[in-house]
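A.B. asks: Before we start, here is the structure in question, set down as structure tokens.
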């Protein structure tokens, strides 16, 4: 806790949350376009999970550069999911909302990880 009584997250906790959210987001992005709510004739969109999958080992090791790249990429995944959540209906909107939530959690956990390392 700091002098104001706020809980300060540790590096280990924020790292675990970031990696868990990144794994969940990567899997959801693949499943979203391949199984859960594929757009007709566009199953190839599952390839959009490839950058997340490439960065995953580096982020899991705690390497700084992959985390910096992830901080640049995740807002695009959040924006795409948010747009699709607001414009589509049914299961498409539900899966998109879940993807937006996971992207937001990943992003804010990643920022907390960077901040915890500075202390």
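A.B. asks: Just want to confirm a number: the relative contact order over the range 11-118, from Cα pairs under 8 angstrom separated by 6+ residues, in percent.
C.D. replies: 38 percent.
A.B. asks: Working out 0.36 nm times the residue gap between residue 89 and residue 53, then minus their Cα-Cα distance, what length gain in nm do you get to one decimal?
C.D. replies: Here the answer is 10.2 nm.
A.B. asks: Please give the helix 50-61 orientation as an angle from the longest Cα principal axis of the chain, in degrees from 0 to 90, rounded to the nearest 10.
C.D. replies: The angle comes out at about 20 degrees.
A.B. asks: In nanometres, what is the gap between the two model label sites at residue 16 and residue 117, each 7 Å from Cα along Cα-to-Cβ?
C.D. replies: 1.9
A.B. asks: Same structure again: Modelled label-to-label distance, residue 27 and residue 73, 7 Å Cα→beta-carbon offset: nm?
C.D. replies: Each label point lies 7 Å from its Cα, and together they span 1.8 nm.
A.B. asks: Take the Cα atoms of the chain, find their three principal axes, and give me the spread along each one in whole Å, biggest first.
C.D. replies: Cα extents, longest axis first: 54, 29, 18 Å.
A.B. asks: Roughly how tilted is helix 64-87, in degrees to the nearest 10 and between 0 and 90, from the longest Cα axis of the chain?
C.D. replies: Taking Cα atoms only, the helix is inclined about 40 degrees.
Coordinate-derived values only; no laboratory data. In this text the structure is predicted, and so the values were computed from the model without any measurement. Note: ideal-geometry Cβ built from the backbone for every residue, glycine included; neighbour counts use all protein chains shown.
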